[in-house]
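Just so you know, all these numbers are worked out from the coordinates, no wet-lab data involved. Just so it is clear, the structure is predicted and the values come from calculations on it, not from any experiment. Here the Cβ is made from the backbone with ideal geometry for all residues, glycine too, and neighbour counts use every protein chain on show.
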């Protein structure tokens with residue numbers, strides 16, 4: 001499975017640690033930046049990761065900024081993307097198993113590197129369970145089609 005990783009400057013160091021960890025877990029990594037500690041606009045990084053997932057270039061994504069909030073909001077602007085912020089392994093598991101999220105977002109100023117690695121491992125190891133959650137995820141897609149009917153593709 002190909003995994004996209006991206007971060008802003010606040011989370012550059014954590015992203016680098018997560019890249020190594022994701023590779024150790026046996027996944028192929030595609031690094032969408034940032035590539036140093038110089039300031040960047042996190043929406044640009046988040047949207048590139050989300051678009052890569054939407055286009056089928058990668059299967060899942062991990063986005064990191066200071067809080068994990070901004071990259072989640074940004075990634076969720078891309079049609080068909082479900083990005084979920086997680087600060088614990090339970091939330092990461094539920095993001096996949098109940099919400100079929102393709103992206104997990106983390107806050108480098110909120111979680112430490114070891115917890116971040118655990119969150120990412122759980123997220124990448126979980127699958128969508130369907131069941132009662134399938135109708136809820138389908139309803140999200142219904143609303144997305146309704147609200148973006150006349151909007152150009154992202």
Inside the range 29-48, the number of residues satisfying the requirement of being within 14 Å of residue 69 (Cα to Cα) and surrounded by 17 or more Cβ atoms within 10 Å (Cβ to Cβ) is 4
Does any residue of the range 51-61 turn out to be touching a strand residue (DSSP E or B) at 6+ places or on another chain (Cβ under 8 Å) and either over 30 Å from residue 135 (Cβ atoms) or without any contact (Cβ under 8 Å) to a residue 24 or more places away in the chain (or both)? no
Has the range 67-84 got at least one residue that is part of a strand (DSSP E or B), touching a helix residue (DSSP H, G or I) at 6+ places or on another chain (Cβ under 9 Å), without any contact (Cβ under 8 Å) to a residue 40 or more places away in the chain and within 21 Å of residue 27 (Cα to Cα)? yes
Residue in the range 88-101 that is part of a helix (DSSP H, G or I), more than 18 Å from residue 3 (Cβ to Cβ), in contact with a strand residue (DSSP E or B) (Cβ under 6 Å, 6 or more places away or on another chain) and without any contact (Cβ under 8 Å) to a residue 40 or more places away in the chain present: no
For residue 108, which of the numbered conditions (1) crowded, with 21+ Cβ neighbours inside 10 Å; (2) under 22 Å from residue 2 (Cα atoms); (3) over 13 Å from the mean Cα position of the chain (by Cα) fails to hold? (2)
